[in-house]
Amino acid sequence: MISTGDSDTGALGGVCEPGDAWCNGGKLLKCRADGTDVFETVCDYGCFDGACRDGACVDGSVRCGGPTLKETCQNAEWVSTVCDQGCMNGECVAQVCAAGRELCEPDGSKVVRCSADGLVLEHVETCPFGCDGATATCLPAVCDDGDLRCGAAAQPERCRVDRRGFEAFGEPCAESCAAGECLVSACKAGEKRCGAVGVETCNSAGSAFTKTETCEWGCLAGPSGGAECAQCFPDAHRCSGNTIEYCETPFAPWVAVKECAPIQTCANGQCADVLKLEGGATLDSVRLLLTEALAECWMQMLTKSKQETGDRYICRGLDTLGLTGDIGQAELVSWFCDNAGEGLGESDFTTAELFDAASDVMGCGTLDWLDLTVDTLNQKVHAGVFTDECIAFDRPDKEILVAPCEELKQE
């Protein structure tokens, strides 16, 4: 209680009925027992009809009694009102978001989550490089400090300070831009020239020549004036199968000039005295080639002078890498003699003279002498070797030999 005046005079001039009480706003005024003074009391819950209220609230105050319940103090008692959507700070309000949903702040600075009552957006994560509205997740940096690139119209660009994108800097390049730098062309895009090993072409940026074609026969100015790979060296020879081809001009096709004999092999642009035997050892075509090679060596012995060849001469080597199975001397002689005159004749040989020479070597008649000696392991021409075995003639003995090449060279 607070006194409002002197106890001798009284605030009301002594006119106060002892025990009277009345309200003045939220205060209770009560006359002293002697009627000479008034005591003042501030009521916590308001004053009504000359007494402080004992209620739980102050009239007119508001609060939220639940997510959707507004309460207002009336006559010192809370009166509830149900809100349509939600209650905040004692007032009915509309929900601002779907409960539990995560989304980006409008400025993209962070990820927020809607509260359980849908009234408040709660902070989840700060996004230094922006927020992806579709996924409500923080975006990574678009670039790093110092990153450069080329934009439209050859404009150099650099990473922005916030690392959320690129910005233009400097003037657009006069010619071209690469990796954020202006380039001055070293050549015209698509231009060709001859390099160390072939044709070089200027890249699309015009910054350098790069090798685009390796030239087997060298690089020259072609008919159109630009650098081209030559097709061959003029006057060069090469083998195409068993055919010798000749190069007349660098950009013209190769021309076939000679076919090597069946008992020869084309190698390095020349007909080499090497017989290539391929296929099964019992094929008539394989046996015929070997027989013709033996007969040809016999004719060399008869037609070449001793001054040209000496007494022993290697006629040719044997390439049997493609042969399947060995060819024995006895089997070869039997095959020729059994078929000579009966399905095997002059027309099967390159010349009639070769057929006659083969007959002499094989000694098919009862009075004819076998003039062939296969002086190798088991008296066979062996499959799977390359020029390890050779065909030669021995002039004094008038004999054709098949023997290891090294042994023939040493004798």
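The values are calculated or read from the model by the stated rules, or taken from the named source; none is laboratory data. Since the model is a prediction, treat every value here as computed from it, not as a measurement. Reconstructed Cβ throughout: ideal geometry from the backbone, glycine too, with neighbour counts over all protein chains shown.
Quick one: how many residues across segment 347-375 are of a type in the set (Val, Ile, Thr) and touching an Asp or Glu at 6+ places or on another chain (Cβ under 7 Å)?
3
Which residue out of Ala358, Ala340 is among the aliphatic types (A, V, I, L, M), more than 60 Å from the chain's Cα centre (by Cα) and closer than 16 Å to Ile391 by Cβ?
None of the others qualify; the one that does is Ala358.
Being polar (S, T, N, Q) and in a strand (DSSP E or B) is the filter here; which residues of segment 204-232 pass it?
Those that are polar (S, T, N, Q) and in a strand (DSSP E or B): Thr210, Thr212, Thr214.
Just give me the residues in segment 318-347 being among the acidic types (Asp, Glu), touching a Phe, Trp or Tyr at 6+ places or on another chain (Cβ under 8 Å) and surrounded by 17 or more Cβ atoms within 10 Å (Cβ to Cβ), in sequence order.
Matches in segment 318-347: Asp319 only.
The conditions are (1) more than 25 Å from Ala205 (Cα to Cα); (2) modelled with pLDDT of 90 or more, and Pro156 fails exactly one of them. Which is it?
Result: Pro156 passes all but (1).
Looking at (1) touching a Gly at 6+ places or on another chain (Cβ under 6 Å); (2) crowded, with 16+ Cβ neighbours inside 10 Å; (3) not aromatic (Phe, Trp, Tyr), can you tell me which one Arg63 breaks?
Unmet condition: (2).
Kindly provide the set of residues from segment 155-186 that are within 27 Å of Pro140 (Cα to Cα) and touching a helix residue (DSSP H, G or I) at 6+ places or on another chain (Cβ under 9 Å), ordered by number.
Within segment 155-186, just Cys177 meets the criteria.
Looking at segment 86-104, is at least one residue free of Cβ contacts under 8 Å to residues at least 12 places away in the same chain, of a type in the set (Asp, Glu) and surrounded by fewer than 14 Cβ atoms within 10 Å (Cβ to Cβ)?
Within segment 86-104, none of the residues are free of Cβ contacts under 8 Å to residues at least 12 places away in the same chain, of a type in the set (Asp, Glu) and surrounded by fewer than 14 Cβ atoms within 10 Å (Cβ to Cβ).
Check Thr350, Thr320, Thr324 and return the single one that is among the polar types (S, T, N, Q) and modelled with pLDDT under 95.
Sole residue among the options that is among the polar types (S, T, N, Q) and modelled with pLDDT under 95: Thr350.
Find the strands (runs of 3 or more DSSP E) located wholly in segment 75-159 whose residues include 1 or more that are under 30 Å from Cys177 (Cα atoms), and list them.
Because the criterion is at least 1 residues that are under 30 Å from Cys177 (Cα atoms), the strands (runs of 3 or more DSSP E) in segment 75-159 that meet it are 148-150, 156-159.
Within segment 27-47, is even one residue part of a loop (DSSP other than H, G, I, E, B), at pLDDT below 80 and either of a type in the set (Phe, Trp, Tyr) or assigned by TED's automatic domain parsing to the domain that holds Ser115 (or both)?
yes
So how many residues does segment 185-203 have that are aliphatic (A, V, I, L, M) and either in a strand (DSSP E or B) or on the phi > 0 side of the Ramachandran plot (or both)?
1
Regarding segment 250-258, can at least one residue be identified that is more than 18 Å from Phe386 (Cα to Cα), touching a Pro at 6+ places or on another chain (Cβ under 9 Å) and not in a loop (DSSP other than H, G, I, E, B)?
So far as segment 250-258 goes, no, none of its residues is more than 18 Å from Phe386 (Cα to Cα), touching a Pro at 6+ places or on another chain (Cβ under 9 Å) and not in a loop (DSSP other than H, G, I, E, B).
From the list Leu401, Leu408, which one is at pLDDT below 95 and within 21 Å of Gln264 (Cβ to Cβ)?
From the options Leu401, Leu408, the qualifying one is Leu408.
Counting just the residues of segment 1-26 that are of a type in the set (A, V, I, L, M, F, W, C), surrounded by 15 or more Cβ atoms within 10 Å (Cβ to Cβ) and under 30 Å from Gly60 (Cα atoms), which one comes out modelled with the lowest pLDDT?
Filtering segment 1-26 for residues that are of a type in the set (A, V, I, L, M, F, W, C), surrounded by 15 or more Cβ atoms within 10 Å (Cβ to Cβ) and under 30 Å from Gly60 (Cα atoms), the one modelled with the lowest pLDDT comes out as Cys23.
Considering only residues that are loosely packed, with under 15 Cβ neighbours inside 10 Å and touching a Phe, Trp or Tyr at 6+ places or on another chain (Cβ under 9 Å), which ones fall in segment 106-150?
Across segment 106-150, the qualifying residue is only Pro140.
List the number of the failed condition for Ser224; all other conditions in (1) modelled with pLDDT of 90 or more; (2) over 30 Å from Cys177 (Cα atoms) hold.
For Ser224, the exception is condition (1).
Could you look through segment 165-184, keep only residues that are within 29 Å of the chain's Cα centre (by Cα) and part of a loop (DSSP other than H, G, I, E, B), and pick out the one that is surrounded by the fewest Cβ atoms within 10 Å (Cβ to Cβ)?
The qualifying residue surrounded by the fewest Cβ atoms within 10 Å (Cβ to Cβ) is Ala179.
If you scan segment 70-86, which residues turn out to be modelled with pLDDT of 80 or more and within 18 Å of Ser115 (Cα to Cα)?
Correct list: Cys83 only.
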